[in-house]
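Have a look at the structure below, then the notes.
The values are calculated or read from the model by the stated rules, or taken from the named source; none is laboratory data. Since the structure is predicted, the reported quantities are computational estimates derived from the model, not experimental observations. Cβ atoms come from the backbone with ideal geometry, glycine included; neighbour counts cover every protein chain shown.
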Amino acid sequence: MTRVILAALAGVALLSGSALAADLPPGPMTYKAPSAAVPVWSWTGFYLNAGGGYGIWDANIATTSLAGACLTCATQTVGGRGYFGTAGGGFDYQFTDHIVAGLLADYNFMSLKGTIEDNVAPTTVGPLKENSAWAAGARIGWLVTPQIFGYFNGGATGTRFGSSNLTLATGGPAITTTPVFTKTGWFLGGGTETTLAPFLPSGWFLRSEYRYSYLSNSSVLQSTVAGAAIDIINFKPTVQMLSTSIVYKFNWMGH
């Protein structure tokens, strides 16, 4: 009887082992490591930028009397050239895999030196410098890759020109002056941004941009050095700027 029981138990064990082996996958057991997370790049977020460049302003001018009568009816063109520094920031939102749009604002510290003149006899001429400018607007563009962005921008702008002391065209001491004046208008432009990796950590970009600004007419009062008003120089400028900036994007990864 004991032998029968032991034989039965051995048969059950054999059958159980066979069933368990049938449930196991063939071949040796292996461990598969979880795949590394694929980074999701997003342009949504805030950024800061700083840089500099070269600018050109040109202005059409004509002179009228204090009452508004034309004194030099033929329009003349004057201009200035020089360098500037810029600082700003903004917010972008990525709508699709390729479309990004956002808001921007910046301020430019400028030294664009030129001249202003009055051709009403006797002709007077003096130095004139564009000192600063601001801009606020929006941009929209296309992601060529997740790290390369081409865009157009536009919005409102304003600029400040310094005062000038004018002398006779033949030279000599100042005989007339013009005051500091500011002008507002609009701007259009465009540029590109591209990653600076692996030269800098993630989030640092290089921006190259062109901007054209159209400003409204200024009625610049010309006075003697003693303060007596003489006439009005109508001054209507446009400004072109090329700039390069370093951009830092907050939360560039991890969205």
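Any idea which of 105, 67 is without any contact (Cβ under 8 Å) to a residue 24 or more places away in the chain and farther than 15 Å from residue 236 by Cβ?
Result: 67 is the single residue among 105, 67 that is without any contact (Cβ under 8 Å) to a residue 24 or more places away in the chain and farther than 15 Å from residue 236 by Cβ.
Name the residue that is nearest to the chain's Cα centre (by Cα), counting only residues in the range 58-70 that are in a strand (DSSP E or B) and more than 25 Å from residue 242 (Cα to Cα).
Here the residue is 62.
Go through the range 101-131 and give me each residue that's under 17 Å from residue 155 (Cα atoms) and of a type in the set (A, V, I, L, M, F, W, C). Step through it out loud before you land on a result.
Going residue by residue through the range 101-131, those that are under 17 Å from residue 155 (Cα atoms) are 101-108.
Once the filter is applied, which keeps residues that are under 17 Å from residue 155 (Cα atoms) and of a type in the set (A, V, I, L, M, F, W, C), the range 101-131 yields 101, 103, 104, 105.
Among the residues of the range 72-114, count how many are in contact with a Gly (Cβ under 7 Å, 6 or more places away or on another chain), closer than 25 Å to residue 145 by Cα and of a type in the set (D, E, K, R).
The qualifying residues number 1.
Scan the range 112-144 residue by residue and report those that are hydroxyl-bearing (Ser, Thr, Tyr) and under 19 Å from the mean Cα position of the chain (by Cα).
If we filter the range 112-144 for residues that are hydroxyl-bearing (Ser, Thr, Tyr), which is where we start, we get 115, 123-124, 132.
Once the filter is applied, which keeps residues that are hydroxyl-bearing (Ser, Thr, Tyr) and under 19 Å from the mean Cα position of the chain (by Cα), the range 112-144 yields only 132.
So which residues in the range 145-167 are buried (at least 19 other Cβ atoms within 10 Å of the Cβ), under 26 Å from the mean Cα position of the chain (by Cα) and either among the hydrophobic types (A, V, I, L, M, F, W, C) or within 17 Å of residue 107 (Cβ to Cβ) (or both)?
Passing the criteria: 149, 153, 157, 159, 161.
I need the full set of residues from the range 147-181 which are without any contact (Cβ under 8 Å) to a residue 24 or more places away in the chain and of a type outside the set (Ser, Thr, Tyr), in order please. I'd like the intermediate steps shown before the answer.
Within the range 147-181, the first condition is being without any contact (Cβ under 8 Å) to a residue 24 or more places away in the chain, and the residues that meet it are 163, 170-173, 180.
Across the range 147-181, the qualifying residues are 171, 172, 173, 180.
Condition check ((1) modelled with pLDDT of 95 or more; (2) of a type in the set (Ser, Thr, Tyr); (3) over 22 Å from residue 212 (Cα atoms); (4) touching a Pro at 6+ places or on another chain (Cβ under 6 Å)) across all residues:
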site	(1), (2), (3), (4)
18	no, yes, yes, no
54	yes, yes, no, no
59	yes, no, no, yes
74	no, no, yes, no
80	yes, no, no, no
88	yes, no, no, no
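Take the conditions surrounded by 16 or more Cβ atoms within 10 Å (Cβ to Cβ) and either among the charged types (D, E, K, R) or modelled with pLDDT under 95 (or both) and apply them to residue 92. Does it pass?
yes
Name the single residue that is farthest from residue 223 (Cα to Cα) among those in the range 101-137 being buried (at least 20 other Cβ atoms within 10 Å of the Cβ) and among the polar types (S, T, N, Q).
Result: 108.
If you scan the range 60-114, which residues turn out to be more than 25 Å from residue 191 (Cβ to Cβ) and in contact with a Lys or Arg (Cβ under 6 Å, 6 or more places away or on another chain)?
Result: 60, 113.
State all residues of the range 168-182 that are surrounded by 14 or more Cβ atoms within 10 Å (Cβ to Cβ), within 17 Å of residue 113 (Cβ to Cβ) and among the β-branched types (Val, Ile, Thr); if no residue qualifies, say none.
178
Please determine whether any residue of the range 187-198 is modelled with pLDDT of 95 or more, among the small types (Gly, Ala, Ser) and buried (at least 21 other Cβ atoms within 10 Å of the Cβ).
yes
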